[in-house]
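J.: This is the structure I have questions about; it appears just below.
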Amino acid sequence: MKLFRRKPKPARKILFLRKRYLAIPGALLAICALCLVTNLPAYVTASASQRQLPIYSVQRDYKVCALTFDAAWGNEDTQALIDIFDQYNVKVTFFVVGDWVEKYPESVKALADAGHEVMCHSDSHAHFNSLSADQIVADISSCCDKIEAVTGVRPTLFRAPFGEYDDHVVTTVRGMGLEVIQWDVEPLAAPARA
């Protein structure tokens, strides 16, 4: 009978690291974690797409107020407004709807002749958030064509109907070469002052 010798198992090596060998990798790991935590908001902001916003106000070094009106219904007060603004030498911007231009071309012409800006408020006062880019372009172009035909000046500003906008609307309108304007104070909603 032959005796077999077992092969000895390889010795397991246990690695003992001293604290000094862990200090440098530990410090590097802590620095990386600190940098990640402190810079994470910057990474998130840089990677997120920028929200497209209309112009609400423009910073000036002096006190000034820009008055705007939306014209989408009757014109009963148009001449009275022109007279009041003329009396105080005030110029305002009227955002008009294409349908209004068709109904009251003499009012549109009177506004422009008095030195007021006549800009685009859409052709039919639709909800622009629900329109495709092609529909937005067609609607705004139609209104701008009507305004230009009456005043001789092509609008450069647009106010979205109902104040509704999203990135899609703002990007499409800016792609047409117009700037989207929004109000920052709603006079009908402003509290009464004593």
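J.: Show me, for region 153-158, the HN-Hα J-couplings you get by feeding each phi into the Karplus relation (A = 6.51, B = -1.76, C = 1.60, θ = phi - 60°), rounded to Hz, glycine and proline as x.
T.: Computed from phi, the couplings for region 153-158 are 10, 7, x, 10, 10, 9 Hz.
J.: To continue, here is another question. What's the magnitude of the charge dipole for region 95-149 around its Cα centre, counting Lys and Arg as +1 and Asp and Glu as -1 at the beta-carbon? Answer in Debye, nearest 20.
T.: Computed about the Cα centre, the dipole is about 100 debye.
J.: Which residues' amide hydrogens lie under 5 Å from the amide hydrogen of Phe69, considering only partners 5 or more residues apart or on another chain, with H built in the peptide plane?
T.: The answer is Thr93, Phe94, Phe95.
J.: Under 5 Å between amide hydrogens, which residues at least 5 positions from Glu179 or on another chain qualify, with H placed 1.01 Å from N in the peptide plane?
T.: Residues meeting the criterion, in which the H sits 1.01 Å from N, are Leu157, Phe158.
J.: If you look for lysine pairs in region 61-156 that are eight or more places apart or on different chains, how many of them have Cα atoms under 20 Å apart?
T.: For region 61-156, the number of qualifying lysine pairs is 4.
Just so you know, all these numbers are worked out from the coordinates, no wet-lab data involved. Here the structure is a predicted model, which means the values were calculated and not measured. Methodologically, a virtual Cβ is constructed for each residue, glycine included, from the backbone with ideal geometry; neighbour enumeration extends over all protein chains shown.
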